[in-house]
1. Please report the accessible area of Glu46 (heavy atoms, 1.4 Å probe, ligands and nucleic acids excluded) in Å², nearest 10.
2. Taking the simple approach of a point 7 Å from Cα along Cα-to-Cβ for both Thr215 and Ala111, what is their distance in nm?
3. Scale the Cα Rg of segment 110-176 by the rule-of-thumb value 2.2 N^0.38 Å and send over the ratio, two decimals.
4. Using only protein heavy atoms and a 1.4 Å probe, report how much of Glu61 is accessible, in Å² to the nearest 10.
5. Just give me a number: lysine pairs in segment 81-217, eight or more positions apart or cross-chain, with C-alpha atoms less than 15 Å apart.
6. Please report the carbon-and-sulfur percent of the accessible area for segment 80-213; probe 1.4 Å, protein heavy atoms only, DNA, RNA and ligands left out.
7. Just to verify a number: what accessible area does Lys110 come out at with the full protein assembly present, 1.4 Å probe, Å² rounded to tens?
8. Give me the accessible area per residue for segment 43-84, probe 1.4 Å, as a whole number in Å².
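The values are calculated or read from the model by the stated rules, or taken from the named source; none is laboratory data. Computed from a predicted model, the values in this text were never measured in an experiment. Don't worry about glycine lacking a Cβ; one is built from the backbone with ideal geometry, like all the others, and counts go over all protein chains shown. Side chains included, ligands, DNA and RNA excluded: accessible areas come from the protein's heavy atoms. Shrake-Rupley method; radii C 1.70, N 1.55, O 1.52, S 1.80 Å.
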Amino acid sequence: MKATPKILAVTLAVTLAAGAVLVGGLALYGTGSNLGNLAASGPCAEAAPAAARLAPLARGEVAAFDASAAPKPAPDVAFRGPDGAPTDLAALRGKLLLVNLWATWCAPCKAEMPALDRLQAELGGDAFQVVAINVETRNLDKPPAWFKANGITHLTYYGGPEGKVLPAIQSAVGSTGLPTTMLVDAKGCTLGVMKGPAEWSSEDGRRLIRAALGTGA
């Protein structure tokens, strides 16, 4: 059957459309570079390899650790230091931070605090610090007294009595309970989150932190 001009025109349009889709597909998927660039863009692009390195180490005592697929800046929350003076996460930047939110009315928080204290004693220093921030807004003498009574001697006491730290961090990481813990690199990017308690001073916990520091798993 002889093709009519109308049929030829429709065929040509379909061919051109298919070609456009193919070219578009090659541009998007052909080398994978465009998608890779999109995934690795932003202020925390350089943190992606470190976060990926942590993912297979989320096992055993730290199995619930969720390594960030696309690291983002940690919320720069303001809180108070042991002398009551205001500070924030930016002031602690320059080292790996394990930022833990806790309260004395939270039984799992208190249960994991000795492990955090041991982790700070073993690995804390110029390159790493556990930053445990108490989120209670009343009876503010109770949390530091609990530290003392329970032999928590290696952690610096931080508090957020204004009640702004808890909602800011929980909103940023999608957590609804305590304890909530963020692992933040030296440039302020979140490498991963733990929702719930962990035995941080276990070999699994120490291995995770050493890998984040780049000192070997």
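1. 140 Å²
2. Reported label-point gap for Thr215 and Ala111 is 2.9 nm.
3. So segment 110-176 has a normalised radius of gyration of 1.19.
4. Spelled out: Glu61, probe radius 1.4 Å, area about 90 Å².
5. Values: Lys95/Lys187; Lys110/Lys142; Lys110/Lys148; Lys110/Lys195.
Total qualifying Lys-Lys pairs in segment 81-217 comes to 4.
6. Numbers: 2850 of 5630 Å².
That fraction is 51 percent.
7. Estimated to the nearest 10 Å², Lys110 gives 70 Å².
8. Numbers: 2290 Å² over 42 residues.
Averaged over the residues of segment 43-84, the accessible area is 54 Å².
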